[in-house]
Each structure stands twice: as structure tokens, then as C-alpha cells.
């Protein structure tokens, strides 16, 4: 009796990446949503680098509430789109934007003292790595392999077949 080998290819690996990044975004968004004490104020107010003034503006009294809600909504949106496999390319773009902002608020430049971040990095940190992951997700969509898009696509094929 011959053993069947499981075929694992690049799309399967990218699918796993999509699910992991989606879970991370959704978790971060939900945790922030259900914590009434959470605010991005500390992160924004200690921003460094060339865009410091922009992030300080975001932390101002009139804007911080909008920034906080925008962050929560965007995190949850990215998480849902990537986990469910629907609008995944839009989710990847929003994820890229969020991660770029997180990186630019506290860039991992060796000449800056790292404030309000995990660890000490030289140019590359976890935000930048996950941003590259989102670029890969944008370039190699996998929702037709596993996700709601696959279900909707299959239902459309069934409907077209039934009509003809």
C-alpha cells in the first residue's frame, strides 16, 4: 500500500501567513475595543523620527479619540478580511498602511533611543516584517483556495450551471 504524500506549495504557505497575520490583527483590534482604558496616546505622544510632528498632532486632545477608533476599526477590518478570505487585497493594503504608520511613529533607527517599543532594533522591527508579509498577501491572494470568496465563487458556478 502506497502512502499518499501531502502536497504543500507556496500558496499553502501564503494561506497560513494570511491566517496568522489576520488572527494577529483581529486579536489586537478586539483587545483594544473591549478595553475602555486603552488609548494610543502614549505611543503617539512619544513618537520619534522624521514624522514626529504628525504623530504628535494625532495625539492632540481633539484628534486622539478619532485616532483610537480609527485604529481599532482598521485592525478589526484587516483581521476579518484576512481570516475570512474576503476582500483580502483591500485588507492587506489597510494592514500595510497601519504597519507603516506604526513603524514611522517609532522607526528602528539605531541613532534614536527606542521609546515605548518592544526590544531594540537596527532598522528592521516586527512591524516592518509584518508589513512585508502583508505585501506578499497582496501579491499572492489565497481566498479562492480557502475563504468566503471560494464559497461565493463556487455558489456562482453552481448557479451558472443550473441556469444553462
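A compact table of results
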read-out	value
Unique match (being buried (at least 16 other Cβ atoms within 10 Å of the Cβ), part of a loop (DSSP other than H, G, I, E, B) and modelled with pLDDT of 90 or more) among 48, 114	48
Selection status of residue 99, in a helix (DSSP H, G or I) and either under 19 Å from residue 29 (Cα atoms) or over 17 Å from the mean Cα position of the chain (by Cα) (or both)	yes
For residue 39: the one exception among (1) touching a residue at least 60 places away in the same chain (Cβ under 8 Å); (2) in a loop (DSSP other than H, G, I, E, B)	(1)
Criterion: over 28 Å from residue 121 (Cβ atoms), in contact (Cβ under 8 Å) with a residue 24 or more places away in the chain, surrounded by 20 or more Cβ atoms within 10 Å (Cβ to Cβ) and out of contact with any strand residue (DSSP E or B) (no Cβ under 8 Å at 6 or more places or on another chain) - qualifying residue of 85, 95, 79, 22	85
Odd one out for residue 70 among (1) in contact with a helix residue (DSSP H, G or I) (Cβ under 7 Å, 6 or more places away or on another chain); (2) part of a helix (DSSP H, G or I); (3) surrounded by fewer than 19 Cβ atoms within 10 Å (Cβ to Cβ)	(1)
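The values are calculated or read from the model by the stated rules, or taken from the named source; none is laboratory data. Computed from a prediction, not measured in an experiment: that's the story for all the values here. A quick note on method: Cβ atoms are made from the backbone with ideal geometry, for glycine too, and the neighbour counts reach across all protein chains shown.
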